[in-house]
1. Could you say whether any residue in region 161-178 is touching a residue at least 24 places away in the same chain (Cβ under 8 Å), in contact with a strand residue (DSSP E or B) (Cβ under 7 Å, 6 or more places away or on another chain) and surrounded by fewer than 16 Cβ atoms within 10 Å (Cβ to Cβ)?
2. Taking the criterion of being crowded, with 19+ Cβ neighbours inside 10 Å, out of contact with any strand residue (DSSP E or B) (no Cβ under 7 Å at 6 or more places or on another chain) and under 29 Å from residue 116 (Cβ atoms), would at least one residue in region 68-81 satisfy it?
3. Can you tell me which residue in region 255-277 is nearest to the chain's Cα centre (by Cα), limited to those that are of a type outside the set (Val, Ile, Thr) and surrounded by fewer than 15 Cβ atoms within 10 Å (Cβ to Cβ)?
4. Being more than 17 Å from residue 192 (Cα to Cα), in a loop (DSSP other than H, G, I, E, B) and more than 18 Å from the chain's Cα centre (by Cα) is true for just one of 21, 4, 26, 38. Which residue is that?
5. Within region 188-200, is even one residue in a helix (DSSP H, G or I) and either within 28 Å of residue 17 (Cα to Cα) or in contact (Cβ under 8 Å) with a residue 60 or more places away in the chain (or both)?
6. Name the single residue, out of those in region 181-211 being out of contact with any His (no Cβ under 9 Å at 6 or more places or on another chain) and among the aliphatic types (A, V, I, L, M), that is surrounded by the fewest Cβ atoms within 10 Å (Cβ to Cβ).
7. Can you find even one residue in region 149-164 that is part of a loop (DSSP other than H, G, I, E, B) and either at pLDDT below 95 or out of contact with any Ser or Thr (no Cβ under 6 Å at 6 or more places or on another chain) (or both)?
Amino acid sequence: MSGDSIWIIGASMTKFARYEDQDAVDLASTASLDAMADAGVSIHDMDVLAAGTLFQASTSMGQRIQKQIGQTGIPAYNVSNACATGATAIRTVYLSIKAGEADMGIAIGVEQMGKMGLLSGATKSERNVFEPSGRYGAVMGVDGFLGTETMPGVFAQAGMQYAYENDGVGFEQFARVAYKNHKHSTLNPLAQYQKEFSMEEVMGAPVQSYPNTLLMCCPTGDGAAAVILVSEEKLRSLPTETQKRAVKISASVLTSDPYVESGQVQPDVNTLTKNAASQAYEISGIGPEDLDLVELHDCFATAELIHYDNSTRHSSYSYDNC
């Protein structure tokens, strides 16, 4: 132990599904109570709580969860940050502990999306009224004409750009990502779907936005997860068994998109990931060759292959800094 590290001592996740008899607060409360039980602690040990949710961001999720698991007067932060929402909730607790404002805290991520359908960004409404309006003075909706902010389209375009820049990458290579992930789902009891598909089935599924077929796109659904974080000083006061199973957070980094000229047409999904990975390697003092396992956000098959490179081969990590 180095003295100022942050550790995870408990974690829990619900099964992802479509719940008709439970709402987001129910799911988040279940994950929270189970994470605290896993850590051998209670809500009375928490100094801070952060709750992440995107589609119920304006509902004071943290405070609603507190009403179910215990209202002790601690700070509750409500976090919304797109695909990084859950990770940002963890970082919020992480920073509270780093700042010395807390010794132990709980970070929660929850969504109840049901059959929400395709997700898109905030584009100009597609109306046949050709008058300048909105932030950019657009006279018509540009989605689908000048790029797209619909997520399957965004990551399809990013994938095609990646294939253009890397010889040997094509439809089959992207499909293999989905084949692998569906195969892994059969080993995970918490997966929303637990079914293996052949390469032929993956590639032959209805195309959503080439090269992503239906089986190469993640589904919408409902679920929650929670983790318990502690300072190193607090960890030393906990039972030996807790100390032995604690997991150190070697680095926590958050970045955002820097400006690129093409960003108004196609969101840059690469630079911020490369920057975050480089900073994480720098902080932790390790390199990509030291990793035995990567858990990577795979909203679309194209995204996973792109971010393999963004977080390993194309990061600017300098081995001289080890």
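1. no
2. yes
3. Restricting to residues being of a type outside the set (Val, Ile, Thr) and surrounded by fewer than 15 Cβ atoms within 10 Å (Cβ to Cβ), the top hit is 256.
4. 4
5. Yes, because at least one residue in region 188-200 is in a helix (DSSP H, G or I) and either within 28 Å of residue 17 (Cα to Cα) or in contact (Cβ under 8 Å) with a residue 60 or more places away in the chain (or both).
6. Selected residue: 187.
7. Yes, region 149-164 contains at least one residue that is part of a loop (DSSP other than H, G, I, E, B) and either at pLDDT below 95 or out of contact with any Ser or Thr (no Cβ under 6 Å at 6 or more places or on another chain) (or both).
The rows are residues; the columns are (1) outside the structural domain of residue 82 (by TED's automatic domain parsing); (2) within 30 Å of residue 99 (Cβ to Cβ).
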| site | (1), (2) |
| --- | --- |
| 197 | yes, no |
| 202 | yes, no |
| 209 | yes, no |
| 240 | no, yes |
| 243 | no, yes |
| 262 | yes, no |
| 270 | yes, no |
| 274 | yes, yes |
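The values are calculated or read from the model by the stated rules, or taken from the named source; none is laboratory data. Please read these numbers as outputs of a predicted model, since none were measured by experiment. Using ideal geometry, Cβ is built from the backbone for each residue, glycine included, and neighbour counts are taken over all protein chains shown.
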